[in-house]
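Beneath this line is the structure, given in structure tokens, with notes to follow.
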């Protein structure tokens, strides 16, 4: 590689490479030709670069066996379903520390094998119903360090296997009875360092679908007695 620019042929002769770390460079864009030789790659770390987008279908067209993708701390402001098309084997995706304000409905629809998703430390202000559609295998979702001020019933629908949800360091002021319904396997739930003053009666009871909940963190909020 020359001057932090990846060109076609840089990875020629590495057909068995299964992990590539390119963190803390100056990479600002991707193309299929950049990685065309890496047919066996399973893990790609592009964190701490200058990517503004992933490019529709580029990763899926290149990496047919990718299971781990880290693009944290880039300059990505939007994601679309086409960005992840073809990445059917992906099990972990980290998009933390970018500039996301919202999520496109269905952005993750093709990632049915994903078990871990990190969206922490972005600028997300709201979650909408359908944002997590297709993530039927997801067990861990990290949303801490955003600017989410409210959620509504159905926003987390379609996540039947979720066991861990991290909502710390957001701007929630209340939690209503059905806001987090539809998560029958949730075991760990983190709400510390929000602005929560009110939790609806019965919200976290087994009768409301929280029969598996074993850990609930509501520290550093605005409750009074």
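The values are calculated or read from the model by the stated rules, or taken from the named source; none is laboratory data. Everything numeric here is computed off the predicted structure, so don't read it as measured data. Note that each Cβ is placed from the backbone with ideal geometry, even for glycine, and that neighbours are counted across all protein chains shown.
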> Of the numbered conditions (1) within 20 Å of residue 122 (Cβ to Cβ); (2) out of contact with any strand residue (DSSP E or B) (no Cβ under 6 Å at 6 or more places or on another chain); (3) modelled with pLDDT of 95 or more, residue 92 satisfies every one except a single condition; which is it?
Replying inline: (2)
>> When the residues of the stretch 123-141 are narrowed to those that are closer than 28 Å to residue 24 by Cα and out of contact with any strand residue (DSSP E or B) (no Cβ under 7 Å at 6 or more places or on another chain), which ends up surrounded by the fewest Cβ atoms within 10 Å (Cβ to Cβ)?
In response: 123
> Before we move on, is residue 98 buried (at least 16 other Cβ atoms within 10 Å of the Cβ), in contact (Cβ under 8 Å) with a residue 12 or more places away in the chain and either over 17 Å from residue 135 (Cα atoms) or more than 17 Å from the chain's Cα centre (by Cα) (or both)?
Replying inline: yes
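In this structure, does residue 85 turn out to be surrounded by 16 or more Cβ atoms within 10 Å (Cβ to Cβ), without any contact (Cβ under 8 Å) to a residue 60 or more places away in the chain and at positive phi?
Working: surrounded by 16 or more Cβ atoms within 10 Å (Cβ to Cβ): yes; without any contact (Cβ under 8 Å) to a residue 60 or more places away in the chain: yes; at positive phi: no.
Judged against the criteria, residue 85 is not a match.
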> Inside the stretch 62-86, can you point out the residues that are closer than 21 Å to residue 140 by Cβ, assigned to a loop (DSSP other than H, G, I, E, B) and at pLDDT below 95?
Replying inline: 79
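Between 181, 120, 157, which is surrounded by 15 or more Cβ atoms within 10 Å (Cβ to Cβ), modelled with pLDDT under 95 and either touching a strand residue (DSSP E or B) at 6+ places or on another chain (Cβ under 8 Å) or more than 27 Å from residue 69 (Cα to Cα) (or both)? So that I can check it myself, show each step before the final result.
Values: 120 fails: modelled with pLDDT under 95; 157 fails: either touching a strand residue (DSSP E or B) at 6+ places or on another chain (Cβ under 8 Å) or more than 27 Å from residue 69 (Cα to Cα) (or both).
Of 181, 120, 157, the one residue that is surrounded by 15 or more Cβ atoms within 10 Å (Cβ to Cβ), modelled with pLDDT under 95 and either touching a strand residue (DSSP E or B) at 6+ places or on another chain (Cβ under 8 Å) or more than 27 Å from residue 69 (Cα to Cα) (or both) is 181.
Going by what's in this entry, would residue 193 be described as at pLDDT 95 or above and more than 14 Å from residue 215 (Cα to Cα)?
Values: at pLDDT 95 or above: yes; more than 14 Å from residue 215 (Cα to Cα): yes.
So residue 193 passes the test.
Give the number of residues within the stretch 199-215 that are within 19 Å of residue 149 (Cα to Cα) and surrounded by fewer than 15 Cβ atoms within 10 Å (Cβ to Cβ).
Applying the first criterion (within 19 Å of residue 149 (Cα to Cα)) to the stretch 199-215 yields 199-200, 203.
From what is left, the residues that are surrounded by fewer than 15 Cβ atoms within 10 Å (Cβ to Cβ) are 200.
Summing the residues that are within 19 Å of residue 149 (Cα to Cα) and surrounded by fewer than 15 Cβ atoms within 10 Å (Cβ to Cβ) in the stretch 199-215 gives 1.
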>> Quick check on this structure: which one of 103, 54, 114, 59 is under 14 Å from the mean Cα position of the chain (by Cα), closer than 25 Å to residue 137 by Cα, at pLDDT below 95 and surrounded by 17 or more Cβ atoms within 10 Å (Cβ to Cβ)?
In response: 103
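Residue-wise test of (1) out of contact with any helix residue (DSSP H, G or I) (no Cβ under 8 Å at 6 or more places or on another chain); (2) farther than 24 Å from residue 144 by Cβ; (3) in a loop (DSSP other than H, G, I, E, B).
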position: 10; (1), (2), (3): no, yes, yes
position: 13; (1), (2), (3): yes, yes, yes
position: 17; (1), (2), (3): yes, yes, yes
position: 24; (1), (2), (3): yes, no, yes
position: 30; (1), (2), (3): no, yes, yes
position: 40; (1), (2), (3): yes, yes, yes
position: 52; (1), (2), (3): yes, no, yes
